[in-house]
Amino acid sequence: GPVVWQEPAPPAPVVAPTAPAVGLPPDAPKLVITGGVYSNNPAQRMLIVNGQVVNEGAQLAPGMVLEQIRARSAVVIVRGQRYSMPF
């Protein structure tokens with residue numbers, strides 16, 4: 001069969017993945033996190049944001065999505081940028 005020549009993959013850069021910025025951009029809607037439940041089971045994770053119980057994937061405000069609930073912080077995407085909110 002024909003010999004397929006593959007270019008070797010370039011070495012992976014040694015930069016750490018960009019950690020989410022802590023805190024929200026100044027123009028983001030105000031979020032007040034008053035409590036949360038972290039579980040190894042993502043279906044059982046919840047957060048109390050502005051008095052509402054929300055789960056991962058919830059839209060918190062226009063352009064703001066709760067991506068992930070962690071043990072002591074939440075990862076929120078605001079207009080495509082990730083932010084980490086400790087609580």
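The values are calculated or read from the model by the stated rules, or taken from the named source; none is laboratory data. Keep in mind that what you see is a predicted model, and the values were worked out from it rather than measured. Glycine gets a Cβ as well: all are built from the backbone with ideal geometry, and neighbour counts include every protein chain shown. Quick note on the areas: whole protein, heavy atoms, side chains included, nothing else; ligands and nucleic acids left out. Shrake-Rupley method; radii C 1.70, N 1.55, O 1.52, S 1.80 Å.
Computed values, structure above
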| read-out | value |
| --- | --- |
| Selection count where residues are assigned to a strand (DSSP E or B), more than 17 Å from Pro26 (Cβ to Cβ) and open to solvent by 80 Å² or more (accessible area, probe 1.4 Å), scope the range 71-87 | 1 |
| Selection count, the range 52-70, where residues are outside any strand (DSSP E or B) and open to solvent by 60 Å² or more (accessible area, probe 1.4 Å) | 3 |
| Enumeration of residues in the range 30-51 that are open to solvent by less than 60 Å² (accessible area, probe 1.4 Å) and part of a strand (DSSP E or B) | Ile33, Gly35, Gly36, Leu47, Val49 |
| Contacts under 7 angstrom Cβ, first residue in the range 23-44 being without any contact (Cβ under 8 Å) to a residue 40 or more places away in the chain and within 20 Å of Arg82 (Cα to Cα), partner among the small types (Gly, Ala, Ser) and not in a loop (DSSP other than H, G, I, E, B), 6 or more apart | Pro29/Ala61 |
| Residues within the range 19-29 that are buried (at least 16 other Cβ atoms within 10 Å of the Cβ) and either within 12 Å of Ser73 (Cα to Cα) or hydroxyl-bearing (Ser, Thr, Tyr) (or both), tallied | 1 |
